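Participant: Please read through the structure below; I'll follow up with questions.
The values are calculated or read from the model by the stated rules, or taken from the named source; none is laboratory data. Since the model is a prediction, treat every value here as computed from it, not as a measurement. Methodologically, a virtual Cβ is constructed for each residue, glycine included, from the backbone with ideal geometry; neighbour enumeration extends over all protein chains shown. The protein model used for the area step is the full one, side chains on, heavy atoms only, and it has no ligands, DNA or RNA in it. Shrake-Rupley method; radii C 1.70, N 1.55, O 1.52, S 1.80 Å.
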Amino acid sequence: MKAKAAVFMGANNPFEIREYELIPPKPGYAKMSLIASGVCGTDIHIHSGRLGGAPNTMIGHEFVGRIEEISEEDSKKYGLKVGDAVISDIAVPCCKCLLCETGDDANCVNMAVTSAGSVDDAPHFHGGYGEYSYAPAGNLIKIPEGVDPKMTAIFACPAPTAIHGFSLAEKAGVDIKTIKTAVVQGLGPVGCFAIAYLASAGVENVIAVSGGVDAQKEALAKDLGATKVYSLKNDGEEKIAGEIKDMTNGLGADLVYEASGNPKAIPFGMDILRNRGVYVVPGQYSDSGAVEIRPQIITFKALHIIGSSQYSFCDVEGYVDFLAKNPALHEKIAALATCYKVEDVNKAFEDAKARKNIKTLLVK
Ligand SMILES: [Zn+2]
Ligand SMILES: [Zn+2]
């Protein structure tokens, strides 16, 4: 039996649809059929040439699938079985470097990925953009009953990204549950999930700030738990900063979460924080240029500025757990997907690049 793969052919080239024979997984691996695979901002950056990516590979790192084959030994070892729906985490930290040894494997300096192999080499389906994928069984996170796997694919990477940022804030001594006012900059998938996370943690004021004007995104942010949504284009920085000050007795926000990717968000984020405020910055994923800041603010406000890029296996578990505990969000999240067949990957990318969809998924 053969299945389709969307093969990355280098920056700005169309993907090629190829068919490869399905083979049994090697020991330690599972073979999974596609349920849904997300198109991430990272993939858009790779396809646009802003981030590196080798041609003749399958990119895509947000694969949610159903296990079709796994050895009895691996099944026992990892608590997985045929028929289980899983998220496949592509990260392979070295477990030896200083970062890994001190519990920071998300920032491993020798990080490898499961999706790196050439499509010419069996089992061909190394990455996420295909009707099948093969991955180490130890990289699979089981999706529990009662949580729709396709819906889970929508935030399969944005949610762990957001959760890891929050976990680094917690590590720095910030207790999210004690925060009264948080601002999320940017209404992409990471920003949207950060809103849902803060709202479910009981944060009183969850303020979303988007760049443009988009009634659909504004409604979505509110639906996910934002108490107030601003548009920089309509409202302007001065008005937003003033209202946040009024809301916080002149102090400023306790926490700002940068998920816009726009460098200009940084000086504004620093401005609206209170003294000892926390700035979590997972959003600046590609080099979008430089911006002027006044470093004095960091000193005088004694800010925490916390960068966060990759996530760990446990953050994916945290996401699945979050979904299991928040069933009221499932329908709202499920509505965010626009689905394309694997063979329509080029159309999916065109629409994702044009920001037509909130979340683009490839399905079988
Ligand atoms: Zn991603
Ligand atoms: Zn390491």
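Each row is one residue, and each column tells you yes or no for (1) outside any helix (DSSP H, G or I); (2) of a type outside the set (Asp, Glu); (3) open to solvent by 80 Å² or more (accessible area, probe 1.4 Å).
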residue	(1), (2), (3)
Leu220	no, yes, no
Asp235	no, no, no
Ala241	no, yes, no
Val256	yes, yes, no
Asp287	yes, no, yes
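Participant: How many of the residues in segment 212-239 are farther than 16 Å from Ile195 by Cβ and among the hydrophobic types (A, V, I, L, M, F, W, C)?
Facilitator: Final tally of qualifying residues: 3.
Participant: Next question, about the same structure. Mind checking which residues of segment 92-131 are without any contact (Cβ under 8 Å) to a residue 60 or more places away in the chain, under 20 Å from Leu22 (Cα atoms) and within 16 Å of ligand 1 (Cβ to nearest atom)?
Facilitator: Thr114, Ser115
Participant: Take the residues in segment 58-86 that are among the β-branched types (Val, Ile, Thr) and open to solvent by less than 10 Å² (accessible area, probe 1.4 Å); name whichever of them is nearest to Glu145 (Cα to Cα).
Facilitator: Per the criteria, the residue is Val86.
Participant: Before we move on, is Val203 under 23 Å from the mean Cα position of the chain (by Cα), closer than 27 Å to Met151 by Cα, assigned to a strand (DSSP E or B) and free of Cβ contacts under 8 Å to residues at least 60 places away in the same chain?
Facilitator: Considered against the rule, which asks whether it is under 23 Å from the mean Cα position of the chain (by Cα), closer than 27 Å to Met151 by Cα, assigned to a strand (DSSP E or B) and free of Cβ contacts under 8 Å to residues at least 60 places away in the same chain, Val203 comes out as no.
Participant: Restricting the first residue to segment 306-331 and requiring it to be among the polar types (S, T, N, Q), which pairs with a second residue that is in a helix (DSSP H, G or I) meet a Cβ separation below 6 Å and a spacing of at least six or different chains?
Facilitator: These pairs meet every condition: Ser308/His164; Ser308/Gly165; Ser308/Leu168; Gln310/Ala106; Ser312/Asp105; Ser312/Ala106; Asn326/Ser200.
Participant: Something else: If I filter segment 338-355 down to residues being outside any helix (DSSP H, G or I) and within 18 Å of the chain's Cα centre (by Cα), which single residue comes out as modelled with the lowest pLDDT?
Facilitator: The residue in question is Arg355.
Participant: Could I ask something else about it? Kindly indicate whether Asp89 is surrounded by fewer than 22 Cβ atoms within 10 Å (Cβ to Cβ) and either among the hydrophobic types (A, V, I, L, M, F, W, C) or touching a residue at least 12 places away in the same chain (Cβ under 8 Å) (or both).
Facilitator: no
Participant: Same structure, new question: Just need a number here: residues in segment 5-26 that are in contact with a helix residue (DSSP H, G or I) (Cβ under 7 Å, 6 or more places away or on another chain), in a loop (DSSP other than H, G, I, E, B) and within 21 Å of Glu68 (Cβ to Cβ).
Facilitator: Of the residues in segment 5-26, 0 are in contact with a helix residue (DSSP H, G or I) (Cβ under 7 Å, 6 or more places away or on another chain), in a loop (DSSP other than H, G, I, E, B) and within 21 Å of Glu68 (Cβ to Cβ).
A quick yes/no check of all residues on (1) touching a strand residue (DSSP E or B) at 6+ places or on another chain (Cβ under 7 Å); (2) within 16 Å of ligand 2 (Cβ to nearest atom); (3) over 30 Å from Lys356 (Cα atoms):
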{"site": "Gly127", "(1), (2), (3)": "yes, no, no"}
{"site": "Leu140", "(1), (2), (3)": "yes, no, yes"}
{"site": "Pro158", "(1), (2), (3)": "no, no, no"}
{"site": "Phe193", "(1), (2), (3)": "no, no, no"}
